[in-house]
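> Here it is: the structure, laid out below.
Nothing in this text is a laboratory measurement; each read-out follows from the coordinates by a stated rule. The structure presented is a predicted model; accordingly, all values stated were derived computationally and were not measured. Cβ coordinates were reconstructed from backbone atoms using ideal geometry, including for glycine residues, and neighbour counts include every protein chain displayed.
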Amino acid sequence: MQLVRKIHHVAYRCKDAKETVEWYQRHLGMRFILAIAENEVPSTHAPDPYMHVFLDAGNGNVLAFFELPTQPPMGRDPNTPAWVQHLALEVASVELLRATQARLEAEGIEVLGPTDHTLFQSIYFFDPSGHRIELTANTHTPEMLHRLDAVKWEMLDEWAQTRRAPRHARWMHDGSASGGGA
């Protein structure tokens with residue numbers, strides 16, 4: 001039996017809660033659904049004022065942010081490349097992805113992509129707090145997902161032993177993605 005039903009919310013830190021809410025509303029169409037503010041952390045009882053804001057990311061998904069005015073300025077893990085830690089959000093189509101890219105760029109937001117990942121196409125940009133955002137539009141077929149599902153454990157086991165990329169799914173990047181062979 002699976003214990004977890006869904007992700008209730010994902011929380012990140014932000015530099016400015018109001019700016020963050022307005023940015024996500026304006027650029028990604030997310031609805032502001034809840035704000036919680038306290039002067040003490042409920043779980044630890046530490047005196048640490050915060051503003052906790054929640055945004056509707058669609059289909060019951062919630063994206064939340066904390067503004068922490070008494071803490072040192074935000075940073076990021078200097079040992080992790082900027083492309084690794086990101087939030088990927090799905091859009092309905094490649095056409096909408098490209099239209100969103102054009103709109104973001106018209107607003108002066110630098111956008112990388114689109115990048116073709118075979119299973120989906122993506123664009124990348126940063127929010128006002130420096131969080132990397134990926135917007136994706138699915139392009140996979142059921143057969144592609146089946147092929148990846150069939151080799152996932154072999155790939156993970158090989159990776160665990162060698163720490164080198166297994167070749168089981170090389171079809172995703174060698175131009176043969178639409179072919180039927182492995």
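> Taking the alpha carbon gyration tensor of the chain, what are the square roots of 5 times its eigenvalues, largest first, to the nearest whole Å? Spell out each step's value before the answer.
Working: eigenvalues 236, 94, 54 Å².
Rounded to whole Å, the semi-axes are 34, 22, 16.
> Assuming R0 = 45 Å, can you tell me the calculated FRET efficiency for the pair E22 and L145, based on Cβ-Cβ distance, to the nearest 0.05?
0.75
> Can you list the lysines whose alpha carbon sits under 24 Å from that of K6, skipping same-chain ones fewer than 8 residues off?
Straight-line reach from K6, under 24 Å: K152.
> Additional query: With unit charges on the beta carbons (Lys and Arg positive, Asp and Glu negative) and the dipole taken about the Cα centre of region 23-182, which residue among M30, L96, W159 sits farthest to the positive side?
Among M30, L96, W159, the one farthest towards the positive end of the dipole of region 23-182 is W159.
> Skipping prolines and chain starts, which residues have an amide H placed within reach, meaning under 5 Å, of the one on R13, given they are 5 or more residues away or on another chain?
F66
> Also: Post the alpha-carbon centroid distance, region 2-41 to region 96-120, in whole angstrom.
A separation of 23 Å, based on Cα centres.
> Considering only T118, T136, T80, give the residue with the highest GNM mean-square fluctuation for the chain, with springs between Cα atoms whenever their separation is below 10 Å.
Highest fluctuation of the listed residues: T80.
> Helix by helix, which DSSP H runs in the chain go 15 Å or more along their axis at the Cα atoms and have an average Kyte-Doolittle hydropathy of -1.0 or more?
Details: long enough: 17-28 (16 Å, -1.27); 94-106 (18 Å, 0.06); 142-162 (29 Å, -0.65).
Long hydrophobic helices here: 94-106, 142-162.
> Once the piece of chain linking A102 and R76 is laid out straight, how much longer is it, given 0.36 nm per residue of separation minus the C-alpha distance between them?
This chain segment gains 6.5 nm when fully extended.
> How far, in nm, would the chain grow between V94 and A160 when pulled straight, counting 0.36 nm per residue and subtracting the alpha carbon separation?
Going from the current span to full extension adds 20.3 nm.
> Counting Lys and Arg as +1 and Asp and Glu as -1, each charge on the Cβ, what is the dipole of the chain about the Cα centre in debye, to the nearest 20?
Values: 17 positive and 23 negative charges, 68 e Å.
So the dipole magnitude of the chain works out to roughly 320 debye.
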